[in-house]
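For reference, the structure discussed in these notes is given below.
The values are calculated or read from the model by the stated rules, or taken from the named source; none is laboratory data. The structure presented is a predicted model; accordingly, all values stated were derived computationally and were not measured. FYI the Cβ positions are ideal-geometry reconstructions off the backbone, even for glycines, and counts take in every protein chain you see. The protein model used for the area step is the full one, side chains on, heavy atoms only, and it has no ligands, DNA or RNA in it. Shrake-Rupley method; radii C 1.70, N 1.55, O 1.52, S 1.80 Å.
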Amino acid sequence: MGVKLEVAVERWPIAGTFAISRGVKTEAVVVTATIRGDGLRGRGECVPYARYGETVEGVVATLREMEGPVRDGLTADLLCRRLPAGAARNALDCALLDFEAKKRGADIADILDLAPLHPVVTAYTLSLSTPENMAVAAQAAADRPILKLKLGGDGDGDRIAAVRRAAPRARLIVDANESWKAGNFEANTAACVAAGVELIEQPLPAGDDSLLTAMARPIPICADESVHIAADVDALADRYDAVNIKLDKAGGLTEALDLLRAAEARRVKIMAGCMVGTSLAMAPALVLAQRADFVDLDGPLLLARDRKPGLQYRGSRIDPPLSELWG
């Protein structure tokens, strides 16, 4: 019996709202790829992202065009030559890897010749809001070991200081989502230094990040929107100290692992990051998280509900996935 590919769109409500510098969302719209055959099932999940020119409809159409190749025995290695990096390739890459693990009766670490997976600690994200609202959110999450602040440019110094007062013991990282400018970079960075922030993620727009080569960087600067695949690393190494590896940008775990190795070769720090999605999207990223300096895989914690079975979150600690979920 051959295998077949199924594509579906799912909507998962967010607990409250999730706000960044580019807008506010109340639900996570995800696309899943499911490969079935011989009584087995392999799955992958992606989040189409408008910032990269993606739509849900476009991702679904791209995946449906791959039904024939999947029936003909498409592998993860061949997929990287058939589709460009992005959400569609991510969902299918993860589904192919999951299906291969199920077919071989092995876990994903064995499939990829990696060490067994172990629990990791994730950052917990605070949405962009007023300093007062972010302080309230930080106080409610003050017992979590790492907080990630979404920032928006103007007024960020007040936001950072308010969160630090509300959560004095938490480690802090910040994500500006391209909202800073050359004119406020120094002041915002100084506010981060004063608050003991450990990492600043994508402060400037991707098209302006060459300016970072001439700017003082007392805190490591992490590329997010500026880095997608392994080939990007060499051109960015003079302006960034870290890279945020997301499966949806890289186009799957296969390319993401290549990006991880490229970053390690350049001695660039690594964040394992995510879009807002369910445990099915986070599970493959846990493979990356094993070698990451920073882990930001809190997507399911931001949802009103998660798929079942999902990942086991014990506070901010994430256990490796059960095979029923993925891998």
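Can you confirm whether the range 264-279 contains a residue that is of a type in the set (Asp, Glu) and in a helix (DSSP H, G or I)?
yes
For a quick check of your reading of the model, give me the residue pairs whose first member lies in the range 38-50 and is farther than 9 Å from MET275 by Cα, whose second is aromatic (Phe, Trp, Tyr) and open to solvent by 10 Å² or more (accessible area, probe 1.4 Å), with beta-carbon atoms closer than 6 Å and at least 6 apart or on different chains.
Pairs found: GLY42/PHE99.
From the set of residues in the range 252-267 that are free of Cβ contacts under 8 Å to residues at least 40 places away in the same chain and surrounded by 21 or more Cβ atoms within 10 Å (Cβ to Cβ), which is farthest from PRO84 (Cα to Cα)?
ALA263
One line per residue, one yes/no per condition, for (1) surrounded by fewer than 14 Cβ atoms within 10 Å (Cβ to Cβ); (2) over 18 Å from the mean Cα position of the chain (by Cα):
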position: VAL3; (1), (2): no, yes
position: PRO13; (1), (2): yes, yes
position: ARG36; (1), (2): no, yes
position: VAL47; (1), (2): no, no
position: TYR52; (1), (2): yes, no
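Would the range 110-127 turn up any residue that is assigned to a helix (DSSP H, G or I) and either surrounded by 14 or more Cβ atoms within 10 Å (Cβ to Cβ) or of a type outside the set (Phe, Trp, Tyr) (or both)?
Yes - at least one qualifying residue is present in the range 110-127.
Within the group ALA19, ALA85, which residue is of a type in the set (A, V, I, L, M, F, W, C) and not in a loop (DSSP other than H, G, I, E, B)?
Criteria check complete, one pass: ALA19.
Answer yes or no as to whether ALA231 is among the small types (Gly, Ala, Ser), over 30 Å from ASN133 (Cβ atoms) and either modelled with pLDDT of 95 or more or crowded, with 22+ Cβ neighbours inside 10 Å (or both). Spell out how you get there, then give the answer.
Values: among the small types (Gly, Ala, Ser): yes; over 30 Å from ASN133 (Cβ atoms): yes; either modelled with pLDDT of 95 or more or crowded, with 22+ Cβ neighbours inside 10 Å (or both): yes.
Criteria met by ALA231.
Counting just the residues of the range 188-217 that are in contact with a Leu (Cβ under 8 Å, 6 or more places away or on another chain) and open to solvent by 20 Å² or more (accessible area, probe 1.4 Å), which one comes out nearest to PRO168 (Cα to Cα)?
Checking each candidate, the answer is GLY196.
Is one or more of the residues making up the range 264-272 under 24 Å from ILE20 (Cα atoms), basic (Lys, Arg) and at pLDDT 95 or above?
Yes, because at least one residue in the range 264-272 is under 24 Å from ILE20 (Cα atoms), basic (Lys, Arg) and at pLDDT 95 or above.
Among the numbered criteria (1) modelled with pLDDT under 95; (2) open to solvent by 20 Å² or more (accessible area, probe 1.4 Å); (3) over 30 Å from GLY207 (Cβ atoms), which one does ALA76 miss?
It is condition (2) that ALA76 fails.
Going through VAL60, VAL7, VAL31 one at a time, which residue ends up being within 21 Å of the chain's Cα centre (by Cα), open to solvent by 10 Å² or more (accessible area, probe 1.4 Å) and not hydroxyl-bearing (Ser, Thr, Tyr)?
Sole residue among the options that is within 21 Å of the chain's Cα centre (by Cα), open to solvent by 10 Å² or more (accessible area, probe 1.4 Å) and not hydroxyl-bearing (Ser, Thr, Tyr): VAL60.
Suppose we filter the range 234-251 for residues that are assigned to a strand (DSSP E or B) and either of a type in the set (Phe, Trp, Tyr) or free of Cβ contacts under 8 Å to residues at least 12 places away in the same chain (or both); how many remain?
0
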